[in-house]
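The values are calculated or read from the model by the stated rules, or taken from the named source; none is laboratory data. Every value quoted in this text rests on a predicted model; they were computed, and no experiment measured them. No Cβ is skipped: glycine too gets one built from the backbone with ideal geometry, and neighbour counts run over all protein chains shown.
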Amino acid sequence: MLDYKLLSQRLYKVLGMKNEAVGIKLLKNNEVIEGYDKEKKFTFCQFIMKAREGNKLLADSENIACANGCSALGFIPVPEKLLSGEFLSNLGNFEKEGAKVTMEQMPRFKQNEFTGIALSPLSKVDFNPDIIVLETVPEHLMWLSLAAIYKEGGRLNFSSSISNGTCVDMTVVPYQTKKLNVSLGCYGCRNATSIPDEHLLAGFPGEQLEGIIDSLEKISEKAMPRTREKRAYARLK
């Protein structure tokens, strides 16, 4: 297994983050990981927040306190109020028909595809993470996104409906696409967690972590410090 404590330190240092990244492991066949608290009941975005704060947690069908997130992660059937658009419409996020279309197009895990989800601060993981999640300022995510295409180039496409910002945008999408995804957040995660107004979220496959950090460190040799110094802007003064 990789030295995730060292990788966490490298990531933290090169970006200058205040928050630690979170490692997520998707568990199958009722796999059990010792030392992970499954007694707490949270929304999935709160699970990520609590892991970022230093806790090692296990989320499953019994303790995810949000039917929207729990169903998106494949632990329970999607409630009819969600599928019909009634739930999101009642929140004031969408007109009912728009909410219905949004729910129809929502990426989800298959029913019972996974039996649990382990979450831990990246520096403390004792598994190979399937997904890495960051919550930080847009400038950090700009460099992270650049690092994801540093070697091969190309363009990035991010997927979000401004609903299910952590359970879908940060977990389902990166796992299914095998690519980095960036999210603006959603009603749920901004209502239920400590995320500051100015922070965004990013999630990417854990197998890409070391390569992304290597690329970030190369970017930090020239491009990052020059941009942060605002040299071109300084010449206007």
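Listing for the model above:
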read-out: Tally of residues being farther than 24 Å from F42 by Cα and buried (at least 16 other Cβ atoms within 10 Å of the Cβ) across region 103-141; value: 3
read-out: Residue, surrounded by the most Cβ atoms within 10 Å (Cβ to Cβ), within region 81-98, restricted to residues that are part of a helix (DSSP H, G or I) and touching a residue at least 60 places away in the same chain (Cβ under 8 Å); value: L88
read-out: Selection count where residues are in contact (Cβ under 8 Å) with a residue 24 or more places away in the chain and in a strand (DSSP E or B), scope region 17-74; value: 9
read-out: Single match in V101, V78 (criterion: modelled with pLDDT of 95 or more and in a helix (DSSP H, G or I)); value: V101
read-out: Test result for T171, touching a residue at least 12 places away in the same chain (Cβ under 8 Å) and in contact with a Gly (Cβ under 8 Å, 6 or more places away or on another chain); value: yes
read-out: Matching helices (runs of 4 or more DSSP H) fully within region 155-235 where at least 2 residues are acidic (D, E); value: 209-219
read-out: Selection within region 104-154 - outside any loop (DSSP other than H, G, I, E, B) and more than 30 Å from Q9 (Cβ to Cβ); value: E104
read-out: So E39, is it touching a helix residue (DSSP H, G or I) at 6+ places or on another chain (Cβ under 9 Å) and more than 17 Å from T166 (Cβ to Cβ); value: no
